[in-house]
Amino acid sequence: MERVEAELFTDGGNDAVVRLPGRGFPGVLIQGDSLSVLRSDVAELVELCAAGDLEEARYVAGLLHADLGARLQRYRDALAAHGIPHPF
């Protein structure tokens, strides 16, 4: 393990925006439990598609889209608050 100093652009919640040394742009730190939930949601979506339950799959996909959209907006807001252009 290596200890480094990172720049924190938001509070240290489940999706903190941080920049590691040597990186041009910040990233989003997703806690392990949140990452596991995200993966489970994607697995559920895959299963629903495989079973042909497109209505429920569309619903789950919409929830995932909204969740990722909120995380992306938090990232954009953090960069804007610190005068950093988007890397995309």
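Points worth noting:
- Integer Hz, Karplus 6.51/-1.76/1.60 couplings in order for segment 30-38, x for Gly and Pro: 9, 4, x, 5, 5, 5, 5, 5, 4
- P(r) histogram, all alpha-carbon pairs of the chain included - 10 Å bins from 0, percent: 15, 38, 27, 15, 4
- Spin-label model distance (nm) - Leu63 vs Arg39, 7 Å beyond Cα toward Cβ: 1.9 nm
- Here the calculated FRET efficiency for Asn14 and Ala51, from their Cβ-Cβ distance with R0 = 22 Å, stands at 0.15, rounded to the nearest 0.05.
- Only DSSP H runs of four or more residues enter the estimate; each adds -39500 (n - 2.57), and after division by the residues of the chain the mean residue ellipticity at 222 nm equals -19000 deg cm²/dmol.
- For the chain, the longest principal axis of the alpha carbon atoms and the long axis of helix 54-81 meet at an angle near 10°.
None of the figures in this text is laboratory data; all of them are computed from the coordinates on show. Everything numeric here is computed off the predicted structure, so don't read it as measured data. Quick reminder, even Gly has a Cβ in these numbers, built from the backbone with ideal geometry, and neighbours come from all protein chains shown.
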